[in-house]
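Here, each number is a calculation from the coordinates, and none is a lab measurement. Computed from a predicted structure; not experimentally measured.
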Amino acid sequence: MDQHEGAALDPPRAAGPWLPLRSPRVMAGDDEEDGASRRGTLAALLIIAALIVGGLWLVHVLGNAGRIQDCIASGRSNCAPIATPPGR
């Protein structure tokens, strides 16, 4: 059997620890991609946080409006407190 025939069936050899798995050019670009990925993730988290805060504010406002409407529907006339300036 010829040596060249069996060589095609041999599994590829693993690179030694002294050889980089990727070229330095590719590795340098990873930092930029990581930064862009982090900025995108941070932007998404800020948008989600803003939506949550806005949703909680909306629940609070609509809850107060619902309580005032329930009070008015029950026939009371002093449902919304009137704010008076201090000193009067």
Note, ³J(HN,Hα) from phi for segment 33-41, Karplus 6.51, -1.76, 1.60, rounded to Hz, x at Gly and Pro: 5, 5, x, 5, 5, 5, 5, x, 5
Each residue of segment 67-84 in turn: what ³J(HN,Hα) in whole Hz from Karplus with 6.51, -1.76, 1.60 and θ = phi - 60°, glycine and Pro shown as x? 5, 5, 5, 4, 5, 5, 5, 7, x, 7, 10, 10, 7, 9, x, 8, 7, 10
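Can you give the Rg/Rh ratio of segment 35-75, where Rg is from the C-alpha atoms and Rh is the Kirkwood radius?
On the way: Rg = 17.8 Å, Rh = 12.4 Å.
Rg/Rh for segment 35-75 comes to 1.43.
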